[in-house]
Amino acid sequence: MGEAAEKIRQHWLRNSIAVVLLAIGAAFFAGWWVVRRSLPKIHGVTAVAGLKAPVSVDRDRWGVPYIQAQSLGDLAEAQGYVAAQDRLWQMDTLRRAAAGELSEIFGPLTVVEALDRDNRRLGIRAAAEEAAQHMDPETRLITEAYAAGVNRCIEQQRGRLPLEFTLLGYEPKQWTPVDTFLISAYMWKTLTTTWRAKINRAKLTDIVGPERALDLFVTDSPLDHFIVGAGAAADAAVPAAPPGTRRRAPKPQNQNAAPISKLNPPEHPNGQGGKWERAVWENADRILRLFDDETAHISGSNNFVVSGAHTATGKPLLANDTHLGLDVPDIWYTVHLKAPEWNVEGFALPGVPLVIIGHNQRMAWGFTNSNADVQDVYQETLDAQDPTKYLDHGKWVKAQVRPEVIHIKGEPDQTENVLVTRHGPIVARDPDEQRGYALRWTLTEPGGMDFGYPKLGRAKNWNEFLEVMRQVHGPGQNTVYADVDGNIGWIMAAQIPIRGKATGGVPVPGDSSDYDWTGYIPFDELPKVLNPPDGIIATANARTVGPGYKYYVSDRWAAPYRTDRIYQLLTGRTDLTVADCNAIQTDIVSEPDLFLAQELSKASKERQPAEPHAREVLSRLARWDGRATSNSLETSLVEYTRHALMRNLLTPFVGESSVPYDLWEPENHYGEVWWRDGLFLEKVLRERPKAWLPEGYKDYDDLLIASADEAIGQIQGETGSKDAGMWIWGRMHPIEIDHPMARSGILQRILSLGPVRGYGTVDTVDAIGHQHGPAMRFVVDLSNFDNSLMEITTGESGQYGGAYYHDQFPEWLAGRGIPAPFSDDAEIRARVEHLDLVPTGEADTN
C-alpha cells in the first residue's frame, strides 16, 4: 500500500513539474510572440498606398534609415511610415501628452496628477489646430504626406501593434498634421516654460527681501562669453527691478507666501483606477514629467562651431549635444533623407517630418536653448462675487470661459472650465482665490506656431539659412551655422516680445497696459553674427547677449561654466579634428567644483573636520583636477558639500518649508525658481559678506568645514557604509534610463537601461544627471561629411526585441561617437538592410 502511494506521489510530482514547465514554456512563447509579432519589416518589398513611385529604405548596422524618394511628398510619406515602424507608441504618447489626452489610456490617475489639465489650460491643442489650419501649401504637402505614411503603418500593424498598446488595451487613432504640431508644441513647452519660476521668484523675494533677492538672482559673471552686445549697457536691455518691490526686513520662517505647489488648480476628483493602470501610470507619469520639466530644471545643451583657422583641414567643424530627460526610447530619431532638392541627414523628432538638427551637402546647423523669455505672467484680480470677472483698467470685465472636456478611461467625462483673460488663461490661483495668474505665451498667440526648423535642410548658404530662420517663431534657439565655403555664424531666431515695461522676471499687474507686449523684436535686429574675428562661437544655455544689446531678451540664463570650459578647450587651437570635438562634448571637468575644492582645501588648513573620513578626502582636494569621473571620491565630497553649504546659507533666511522646491537639492539644481546658484555661491565665498554668514559659525571657513562634515554624514547615510570605496561618484550619481512603463520589477530589467555608474555633473560640458543628459551628440566635418559623428542615447527602435532597441547605449556611455555616412558610396558600404516601399498594386514580397 505504501509503495503504491509513493508511486502515485512520484507520478503526480512528475506530472506537476511537467505542467509547470509547460506553462512556463507557453508563457515564454506567448511573450516572445507578442514581442516579435510587432517588429517591423525592414527588408524585402512592401506596398504602401499613396506613394507615387518606389522609395528605397536602407539601414546601416545601427538601424539608421537612409530614405531615397523621387519627390518630396513620397519622401515625407516614407519617413512617416518608417518612423511609425520604430516609434509608434512614443509618437502616440507624446501627442496625447501635449493635447491633454493621457486620461483616455491611463484613466483617472492622469487627472489626479493634473498633466492633462495643465495642458488643457494652456490651450496647446487649439494652438496646434490653428497652425494646421493656416499651413502654406508646401507645409501642408509635407505634413499630410507624413501623416499618410504613419496611417499606412498603423493599418498594416493592426492586430500586431507594439507591446505597449497590448498592455494598455487600446489602438492608436489616425495621425493628422495637427498631431505633428502637437509634438512640436510639447517640445516648445519644454524649452520655454518659465511661468512657475516667475511666480516662485516673486514669493521668494517676498520671503528674503529685495536686497537678498538681488544677491540670489545674480545675472552678471566675468565668465560669460557675449556673442553680441558686449559694449556699454543700453537702457532697453536692462530689466527693471520687480514691479511693486518694497524694502522690508527678511522673514526667516514666513509660512504665508504660498509656493506654486500650493496654488490652487480647479477642483478635481481623486480617481483611483485599477491596480494595473495605477502601476503603469506611476511609472509613466514620472517619465512624462521628466520630458516636461527636465530641461527647465537642469539645462545642459552645448553647441560650438569653429572656423577653418582652428581645424586640421582648414574647413569648419560644428558640434552639438542637446540635453534632455533620458528615456527609452530616445526623444531623437536619426535619419538620412534624399529627394530632388533635398539631401539632409540628422535628428528628427518622432512625429515631425524632415530633420530638425543636422546637415545637408552644403551646410550644418545645431541648437541649444537660448532661454529667450517668451512667457509673461499677469496678476489678475478676481471678483469675489463672480469668479468669472476680473479687473481691467479699473473695471470688472467678463473673462472668456473655455470648457475642456477630458475623456477618462473607465470613468465619466470631466469638464475643465478654463478662465481666459485678455492676457491668456488663468494657470494658477492664490489660495484665497482672489488673485489668478494669467499666462501670455508666444506659442498661443495668433500665428504663434510655425514649421520653420525642418525646412533648414534645403538651405545652401547663409542668406538662404536666414530666410528660413525668418519664418521661425520659436522656440528660440542658439542656432550655430557652418558651410563648406568656410563661413560660420549664429542667430537667436524667435518671436521675442517687446514689453512696455521690464518685468523683472516676476508676475506683473494685469489691470493696466503698462506691461503689455508692444510687438516682437524685428527679425533684422535679432542677435546674430557671421564670421566673428576669433573664429569661435560656443553656447551652452548661458548668457549670449550682453548689456549693449538694444532689446531685453531674458534674465534667465544658465551658469556660464560649461560655456567657459568650451572656450578654454577651443581657444588657441589650430589643429582641431572631429575626435577633438567629440572629446570636448564628453569633457567632465567641473569649474565650480574645482573652485569649491580649493576653498575647502584652504579652509582645512585653518581647522580640521570633526569627521575623520572628511579629513581624509579633504587632504586629496589640493591635487584634484576637477574631473568628475565615476571613481572620484573628491566629486562626491564636493558635490554633497555644495548642497549642504547652500542649505546652511539659505535656511536661516528662507526657512525649511517656505520654498516650493528645495533650492539646494541635487535633483532641483536650478529648481522651479530659475537662478544662477553657482554664481551666488561663488560670489559669497569670494567676498564672504557678514550679511550671509549664518549665526553659529565663526567665519566662512568654519561654515565650509561644518558643511563638509554634514556631507560625509549624508553620504554615509545614503550608502549605509563607512567604506570610502562605496562613496565614489559613480555610485552616488548613477545613470538610469527608464522605459515609461518599466521603472521597477522585471519589466525594468527587461525594458529599461541601468542603473550604471555615472560621471559628470550638471556643470560639466558632459552634463549628466540621474535621468538627464545628452539625448544626442553630433559632430560635423565640413571638409568631408562622411567623417561626421551622430549618436543617440538608446537606439533607433522603440520596440523591445528588435536589434536597434538599445544598441547605441554602450557607445553613448563611453562617449565614442558613431560614424554617420553621408555620400552615396559611404551609405552603400554601410548598408545592412534594404526595404523597397512601392505603390499599392505592386508585389509585396520578402
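Grab the other residues whose beta carbon is less than 13 angstrom from that of VAL418, score K and R as +1, D and E as -1, and report the net. Local charge sum for VAL418: +2. Could you check how much of the accessible area of the stretch 91-199 is carbon and sulfur, as a whole percent, using a 1.4 Å probe? Answer for the stretch 91-199: carbon and sulfur cover 54 percent of the accessible area. Couplings for the stretch 343-350, taken from phi via the Karplus curve 6.51 cos²θ - 1.76 cosθ + 1.60 with θ = phi - 60°, read 8, 9, 10, x, 10, 10, 8, x Hz in order; Gly and Pro are left as x. Overall form of the stretch 464-548: prolate. Here a/c, set by the Cα gyration tensor axes a ≥ b ≥ c, is 1.5 or more, and a/b is the larger of a/b and b/c. Sequence-ordered 3J(HN,Hα) estimates for the stretch 780-790 from the Karplus curve with 6.51, -1.76 and 1.60 and θ = phi - 60° stand at 10, 9, 6, 8, 6, 4, 5, 7, 6, 10, 8 Hz, glycine and proline given as x. The calculated FRET efficiency for GLN598 paired with THR313, based on their beta-carbon distance and R0 = 60 Å, is about 0.95.
Taking amide H atoms as placed 1.01 Å from N in the peptide plane, the amide H of GLY366 lies under 5 Å from those of VAL480, each 5 or more residues away in sequence or on another chain.
Given a 1.4 Å probe and the protein chains as shown, ARG212 ends up with an accessible area of around 40 Å². Partners of LYS395 within straight-line reach, counting lysines whose Cα lies under 30 Å from its Cα and excluding those fewer than 8 residues away in the same chain: LYS198, LYS203, LYS262, LYS501. For the stretch 408-485, the list of trypsin sites (Lys or Arg not before Pro) that fall in a loop by DSSP and count at most 13 other C-beta atoms within 10 angstrom reads ARG470. Database remark: amide H of GLN477 closer than 5 angstrom to the amide H of SER370, ALA493 (H placed geometrically; neighbours at sequence offset of 5 or more, or on other chains; Pro and chain starts carry no H). One decimal place: the segment SER823-GLN568 gains 88.4 nm when fully extended, by the rule 0.36 nm per residue minus the C-alpha distance.
Show me 119-125, 799-805, 713-719 ranked by packing, highest mean number of other Cβ atoms within 10 Å first.
Working: 119-125: 23.3, 799-805: 20.1, 713-719: 16.0.
Packing order, densest peptide first, comes out as 119-125, 799-805, 713-719.
Of the solvent-accessible surface of the stretch 369-422, computed with a 1.4 Å probe over protein heavy atoms with every protein chain present, carbon and sulfur atoms account for 50 percent. In this structure the amide hydrogen of VAL228, modeled in the peptide plane, comes within under 5 Å of the amide hydrogens of GLY546, none closer than 5 places in sequence on its chain. Once the 1.4 Å probe is applied to the protein heavy atoms, the stretch 300-451 comes out at 30 Å² accessible per residue. Seen from ASP136, the other residues with C-beta closer than 15 Å to its C-beta sum to a net charge of -1, counting Lys and Arg as +1 and Asp and Glu as -1. The convex hull drawn around the Cα atoms of the stretch 376-531, when projected onto a plane and averaged over every direction, covers 13.2 nm².
Rounded to the nearest whole Hz, the Karplus-based 3J(HN,Hα) values (6.51 cos²θ - 1.76 cosθ + 1.60, θ = phi - 60°) of the stretch 207-213 follow the sequence 6, 8, x, x, 5, 5, 4, with x at glycine and proline. Taking Cα centre as origin and charging only the Cβ of basic (Lys, Arg, +1) and acidic (Asp, Glu, -1) residues, the dipole magnitude of the stretch 345-478 rounds to 600 debye. Considering only Cα atoms, the convex hull volume of the stretch 530-663 works out to 198 Å³ per residue. A Stokes-Einstein calculation at 4 °C with viscosity 1.567 mPa s, built on the Kirkwood radius of the stretch 725-846 over Cα pairs, returns a diffusion coefficient of 75 µm²/s. Candidate cross-link partners of LYS315 among the lysines, defined by an alpha-carbon separation under 20 Å and a same-chain spacing of 8 or more, comprise LYS460. Once the 1.4 Å probe is applied to the protein heavy atoms, the stretch 477-563 comes out at 26 Å² accessible per residue.
The values are calculated or read from the model by the stated rules, or taken from the named source; none is laboratory data. Computed from a predicted structure; not experimentally measured. Cβ atoms come from the backbone with ideal geometry, glycine included; neighbour counts cover every protein chain shown. Keep in mind that these areas ignore ligands, DNA and RNA; they rest on the heavy atoms of the full protein, side chains included. Shrake-Rupley method; radii C 1.70, N 1.55, O 1.52, S 1.80 Å.
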